[in-house]
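The numbers here are math on the coordinates, done by the rules we state, and not lab data. Since the model is a prediction, treat every value here as computed from it, not as a measurement. So basically every Cβ, Gly included, is an ideal-geometry build from the backbone, and we count neighbours across all protein chains shown.
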Amino acid sequence: MIFDVAIVGSGPAGASCAAFCAVAGHRTLILERETFPREKVCGDCLNPACTPILERLGVAARVQTLPHGRLSRVEFVAIGGHTVGVDLPPDAEIAVKRSLFDQVLMKRAAEAGAVVRQGATVDALVPPALTRDSWKITAGAESFEARVLVAADGRNSTVARLLRLLPRIARERVALQTHLPLPSGFGARVVLQLLPEGYSGQAPVGDNELNLCLVGKPSSMPLLRDWAETSFGVARDHHWRIITPLRRASLPPARRRLFLIGDAARVVEPFTGEGIYYALRSGELAAEAIASLLATGDDDEAARSYAAAHDELYRGRLWVNRIARAAVLSPRITSLLLRASVLHPALLRVLTAKLTKL
Ligand SMILES: Cc1cc2nc3c(=O)[nH]c(=O)nc-3n(C[C@H](O)[C@H](O)[C@H](O)COP(=O)(O)OP(=O)(O)OC[C@H]3O[C@@H](n4cnc5c(N)ncnc54)[C@H](O)[C@@H]3O)c2cc1C
């Protein structure tokens, strides 16, 4: 069978795109390397901007029934401990483990009719050609055909690499992530803590667990791990999940019958806690473009309209991303500004409101 659309990766981007495509009646295939449920390097925080998309997907209520942490306050902690807090409106932001969240989305796509292959690592691609009107997609011993291909395979996108679109990645920062027993009295807060060697994010993901992330240069990792050992009692031989890069050039999000969504197209600074929102929304936008492509056969127009919508999605928000990146790349200067009240709570409230779209 030739699928209408094959989606590589079932994170929030791929699963949302698949669910929207399947609901629209397209023959949809998801190829996912891992077997779910699986964890991911992520702060697990769901920006409230995600809620309307989860509602359109029909899973908002299901997500609310998952074990989660309610976040009523963001605390920015300077090197040395000076803390500036900003209250979030009630029920604005929650933190949910990605093993649970991503599984709900993948199940939704399957319920809507998408064929889901787990443990399927895409490792070869042949684009449509004059003699064949579809993509050939290989995952190990299996091959599939689809009219449209979607790269939803994250910041190190295999699809982009196989098509020679992935930029060379300079030596970049690394993120470590884990879940720990929740320290008593941690409270309903997300903590963004600057450290001499980088930064840490902390958020409760339920009544008993804490998400802990560390971000820094590879050479700083031993010191950041020492800090986590001292501050949270993490064992020396603790297994951390790891990912890099934290930053890379964005890629053109559409080509002929190829759509890049989520981190595969553009990576934002984790400090902003927006990546899942962009993943869900770009998945939805790509599904709209694919519907029009399949209806009209106009490949170029579908690519153009998705690229324009993708630009619009990020426009007006990237300055916050730039500020966040500058802040975390110079933790000592940012700490001084926090201590000197230059980064006043009112200013942080404006930035936080921009990020949480309140
Ligand atoms: C340290 C850190 C903290 C973060 N914290 C937050 C936060 O609190 N809130 C937030 O909104 N965002 C956060 N983000 C960003 C967020 O994690 C990403 O933006 C989001 O996961 C992107 O979703 P995605 O679906 O594009 O890709 P991913 O979630 O990366 O999913 C890609 C999927 O593709 C699969 N895949 C990869 N290669 C292949 C292949 N060859 N074949 C088949 N499948 C493949 C993978 O197994 C994976 O399931 C954080 C990021 C980092 C690094």
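Odds and ends about this structure:
- Across every direction, the projection of the convex hull enclosing the Cα atoms of region 1-87 has a mean area of 8.3 nm².
- For the cross-link pairs Lys107/Lys217; Lys136/Lys217; Lys40/Lys136, the ones whose C-alpha atoms lie over 31 Å apart are Lys107/Lys217; Lys136/Lys217.
- Neighbour counts of C-beta atoms inside 10 Å place Met106, Met1 in the sequence Met1, Met106, starting with the fewest.
- Under the Debye formula (equal points on every Cα, no solvent term), log10 I(q)/I(0) of region 20-178 at q = 0.20 Å⁻¹: -1.38
- For the options Pro252, Pro204, Pro90, a Gaussian network treatment of the chain with springs between C-alpha atoms closer than 10 Å singles out Pro90 as fluctuating the most.
- Mean sequence separation of contacting Cα pairs (under 8 Å, at least six apart), scaled by the length of the chain, corresponds to a relative contact order of 23 percent.
- Cross-link partners for Lys97 among the aspartates and glutamates, with Cα-Cα distance under 17 Å and sequence neighbours closer than 8 places in the same chain left out: Glu34, Glu39, Asp44, Asp207, Glu209, Glu274.
- For the chain, the Kirkwood hydrodynamic radius from C-alpha pairs, put into Stokes-Einstein at 37 °C and a viscosity of 0.692 mPa s, yields a diffusion coefficient of 157 µm² per second.
- Extended-chain gain in nm, criterion 0.36 nm per residue less alpha-carbon gap, Glu111 and Arg241: 43.8 nm
- Comparing mean-square fluctuations of Arg70, Arg315, Arg155 from a GNM of the chain with C-alpha springs under 10 Å, the top value falls on Arg315.
- Fewest-first ranking of His238, His310, His179, using other Cβ atoms within 10 Å as the exposure measure: His238, His179, His310
- The eigenvalues of the Cα gyration tensor, multiplied by 5 and square-rooted, give region 22-63 an equivalent ellipsoid with semi-axes of 21, 20, 8 Å from largest to smallest.
- Charge-dipole axis of the chain as Lys and Arg at +1 and Asp and Glu at -1 on Cβ define it, positive-most pick from Ala264, His239, Leu223: Leu223
- Dipole in debye (nearest 20) - region 18-62, about Cα centre, beta carbon charges: Lys, Arg +1; Asp, Glu -1: 140
- Among Phe259, Phe186, Phe271: highest mean-square fluctuation, GNM of the chain, C-alpha pairs under 10 Å: Phe186
- Rounded to the nearest 20 debye, the dipole size of region 59-196 about its Cα centre is 260 debye, using +1 on the Cβ of Lys and Arg and -1 on the Cβ of Asp and Glu.
- Pairwise Cα inverse-distance average, inverted: Kirkwood Rh of region 174-327 (Å): 17.7
- DSSP bridge pairs, the chain: antiparallel proportion in percent, nearest 5: 65
- Sorted from longest to shortest, the spans of the Cα atoms of region 168-213 along the three principal axes equal 42, 19, 12 Å.
- Arranged from fewest to most other beta-carbon atoms within 10 Å of their beta carbon, Glu172, Glu93 become Glu172, Glu93.
- Ellipticity estimate at 222 nm from DSSP helix runs (n ≥ 4, -39,500 (n - 2.57)) divided over the chain, nearest 500: -11000 deg cm²/dmol
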